[in-house]
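**Q** Below: one structure in structure tokens.
The values are calculated or read from the model by the stated rules, or taken from the named source; none is laboratory data. Only a predicted model underlies this, so the values are computations on that prediction, with no experimental measurement involved. Using ideal geometry, Cβ is built from the backbone for each residue, glycine included, and neighbour counts are taken over all protein chains shown. Protein only, heavy atoms only, side chains kept; ligands, DNA and RNA dropped before computing areas. Shrake-Rupley method; radii C 1.70, N 1.55, O 1.52, S 1.80 Å.
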Amino acid sequence: MAYSTFTTPLISRNSCVWKNHQTISNGIQFKSNDIITNVEQNVTTNKLSWGDLFPQILASVVAFLLATQPGINMVYSNIFLNHYEFTDVSELSWLTSILVFCTPIGAITIGVIMDRIGRKNAFLLTSGTLLISWSIASVARPENMRLIYACRFFAGIGGGMTSMVVVYVSEIAHASHRQVLLSLNSVFFSVGVLFATTVGSLFQWQTVNVIFFIFTAVTTVLLVIFLPESPVWLAKFRSARTYDARTSLRRIYPKNDQVFMEELDHLYRDSTTTADSPEVHQPQHCIGCEQATKRRRLKRCFWWRTPQPRTVTRPVRVLAIVFLLQQLSGCYPVIFYAVPVMRSVAGTTALGGPYSDMEAMVALGAVRLLTSVVACALSLHVGRRPLLIASSLAMACSAALVALTYSPTAAPLWPLIGVAVFACSGSAGVLVFPWTLVGELLPVSVRASAGASLVAYAYTLMFVVLKAFPYAVADDDGGSVATTFAAFAAGSLAMAAYVHARLPETMGKRFDEIEAHFADDKHAATATRNAHCKTSYLMTPP
């Protein structure tokens with residue numbers, strides 16, 4: 001039944017009385033719509049029980065099993081160092097840096113083909129690359145450095161390809177729980193570090209490689225069984241497969257029909273009205289043209305060659321600076337060179353005492369895992385920005401403690417405490433949150449390609465830092481260690497200041513709300529006005 005309004009001859013529409021009445025009515029209506037919208041969002045959030053969330057939690061956990069691989073790769077050099085002593089600093093630096101040097105290749109490759117082959121196929125391709133790496137390591141011998149380098153080459157490519165995990169999880173997770181599910185990235189990274197150090201301390205080096213191969217093979221089987229295709233990818237890049245998108249979304253929300261219909265509405269509304277999408281503002285006959293589709297896909301792969309809206313350029317710029325400060329904070333050299341760092345700080349060739357080097361790393365990995373779990377739990381209530389700022393400040397204080405207390409002739413207690421706190425506080429935010437922000441801040445149209453470019457950029461910076469770190473702390477007089485950690489403290493402080501000034505909070509926000517933050521004021525006002533008009537146009541007088 002259609003409702004309409006009428007006017008009497010006593011009050012003209014052009015009169016000030018009618019205009020005031022219309023303004024007051026619309027103002028009340030807008031306020032009522034805001035209240036109703038908030039109530040609906042709260043009702044939806046409250047109706048998401050753990051039973052409703054279990055399918056996406058299961059899919060996220062299985063997907064993040066691949067996130068353990070970067071953690072394994074980062075401490076693998078320490079495992080190898082525990083069985084093979086290096087006499088050449090250059091050989092040691094290449095063992096660790098060749099992994100990071102090859103990682104951008106994997107990140108760019110998966111970013112280019114991810115939108116074409118789909119998210120699940122990208123997972124399987126990543127697993128296949130990692131299986132090649134561990135199969136080479138299983139037959140290698142410590143004295144055959146060529147095979148070791150080949151293993152690290154494929155491990156670097158596979159590690160770069162795992163960057164697509166956060167993209168997938170961000171697309172299947174509900175907005176109210178996306179933050180905590182993406183925080184699992186830090187937990188599984190720490191699990192990979194602890195798993196690798198524990199296995200490395202219990203078994204011989206060849207046995208360790210076989211165990212990693214079996215673990216990767218089991219992960220691949222679980223990906224095939226439990227991972228649904230991303231409904232966002234199906235709706236955005238395979239618009240003709242509507243049934244597949246609905247089926248995939250139903251696997252994520254199998255019981256709650258209300259949430260399923262709401263997410264389906266958001267899915268197709270976002271995929272067809274994204275402000276920065278190349279399909280917007282084009283006539284139907286162009287969208288259906290095969291040549292036009294190929295050109296749009298080519299533009300998505302080489303997104304930097306075409307002018308992009310502020311919803312793309314602003315988050316890319318923010319993430320690029322965050323990644324730069326992340327590498328300058330020194331969180332990765334302390335993990336890659338954990339055994340040499342602790343030996344340098346302790347001033348001995350071994351840590352000594354009742355514990356070996358690997359046992360000390362296992363204890364440190366366990367504390368880091370506990371820190372990651374606490375950060376994951378806090379992210380559900382606190383958000384990204386406070387955790388990143390707190391993590392950066394804790395790293396700055398602990399690095400300053402090492403710089404101020406380290407001396408070759410002094411007792412190593414306080415420097416060792418500083419290194420341990422530095423490594424644990426980094427796992428609470430700085431080490432992993434920048435990677436998860438790639439899946440949150442970037443629009444879906446360039447999330448894979450632009451995200452891959454940023455990951456490649458970050459790993460290139462990491463390669464430079466890891467290659468230079470052994471030379472930076474190689475001086476025997478002790479001043480180089482203190483200077484290096486003082487630089488890490490300055491980088492961590494800069495990270496905290498920039499996050500406070502520029503990084504927006506993403507907790508509980510939908511992708512369109514995050515894009516509106518980076519859009520200019522005119523577009524944001526237009527989007528807000530359109531949202532009001534959509535809910536209140538039936539009540540406006542003719």
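**Q** List the residue pairs whose Cβ atoms are under 6 Å apart, where the first residue sits in the range 408-425 and is closer than 13 Å to PHE485 by Cβ and modelled with pLDDT of 90 or more, the second is surrounded by 12 or more Cβ atoms within 10 Å (Cβ to Cβ) and small (Gly, Ala, Ser), and the two are 6 or more positions apart or on different chains.
**A** GLY418/SER398; VAL421/SER398; PHE422/SER398; PHE422/ALA399
**Q** Would you mind listing the helices (runs of 4 or more DSSP H) fully within the range 430-522 where at least 2 residues are out of contact with any Leu (no Cβ under 9 Å at 6 or more places or on another chain), of a type outside the set (Ser, Thr, Tyr) and over 16 Å from LEU325 (Cβ atoms)? Show your work before the answer.
**A** Numbers: elements: 433-441, 447-472, 479-502, 511-518.
So the answer is 447-472, 479-502, 511-518.
This table checks each residue for (1) open to solvent by less than 10 Å² (accessible area, probe 1.4 Å); (2) farther than 30 Å from LEU181 by Cβ.
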{"residue": "SER398", "(1), (2)": "yes, no"}
{"residue": "LEU401", "(1), (2)": "no, yes"}
{"residue": "VAL421", "(1), (2)": "no, no"}
{"residue": "LEU437", "(1), (2)": "yes, no"}
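**Q** Quick one: count up the residues across the range 198-214 that are surrounded by 15 or more Cβ atoms within 10 Å (Cβ to Cβ), within 21 Å of LEU364 (Cβ to Cβ) and of a type in the set (Phe, Trp, Tyr).
**A** 2
**Q** Collect the residues in the range 461-510 that are under 29 Å from ILE157 (Cβ atoms) and surrounded by 17 or more Cβ atoms within 10 Å (Cβ to Cβ), keeping them in residue-number order.
**A** Of everything in the range 461-510, those that are under 29 Å from ILE157 (Cβ atoms) and surrounded by 17 or more Cβ atoms within 10 Å (Cβ to Cβ) turn out to be LEU461, MET462, PHE463, VAL465, LEU466, LYS467, PHE469, PRO470, VAL473, PHE488, GLY491, MET495.
**Q** Across the range 164-197, which residue is nearest to ASP52 (Cα to Cα) among those that are of a type in the set (Phe, Trp, Tyr) and open to solvent by 10 Å² or more (accessible area, probe 1.4 Å)?
**A** Among those that are of a type in the set (Phe, Trp, Tyr) and open to solvent by 10 Å² or more (accessible area, probe 1.4 Å), it is PHE188.
The rows are residues; the columns are (1) over 17 Å from the mean Cα position of the chain (by Cα); (2) over 17 Å from PHE433 (Cα atoms); (3) in contact (Cβ under 8 Å) with a residue 12 or more places away in the chain.
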residue	(1), (2), (3)
ARG119	no, yes, yes
GLY128	yes, yes, yes
ILE148	yes, yes, yes
MET164	no, no, yes
VAL167	no, no, yes
LEU182	no, no, yes
PHE188	no, no, yes
LEU194	yes, yes, yes
VAL210	yes, yes, yes
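**Q** OK, next. From the list PHE485, PHE433, PHE422, PHE463, exactly one residue is farther than 22 Å from LEU388 by Cβ and of a type in the set (A, V, I, L, M, F, W, C). Which is it?
**A** PHE463
**Q** Also, I was wondering about something else. If I filter the range 383-391 for residues that are buried (at least 24 other Cβ atoms within 10 Å of the Cβ), modelled with pLDDT of 85 or more and within 13 Å of VAL430 (Cα to Cα), do I get at least one hit?
**A** Yes, the range 383-391 contains at least one residue that is buried (at least 24 other Cβ atoms within 10 Å of the Cβ), modelled with pLDDT of 85 or more and within 13 Å of VAL430 (Cα to Cα).
**Q** Turning to a different aspect of this structure: Filter the range 147-163 for residues that are farther than 14 Å from THR68 by Cβ and in contact with a Cys (Cβ under 9 Å, 6 or more places away or on another chain); which is surrounded by the fewest Cβ atoms within 10 Å (Cβ to Cβ)?
**A** Only one residue fits best here, namely PHE153.
**Q** If PHE101 satisfies every condition in (1) in a helix (DSSP H, G or I); (2) out of contact with any helix residue (DSSP H, G or I) (no Cβ under 6 Å at 6 or more places or on another chain) but one, which is the exception?
**A** In the conditions (1) in a helix (DSSP H, G or I); (2) out of contact with any helix residue (DSSP H, G or I) (no Cβ under 6 Å at 6 or more places or on another chain), PHE101 misses (2) alone.
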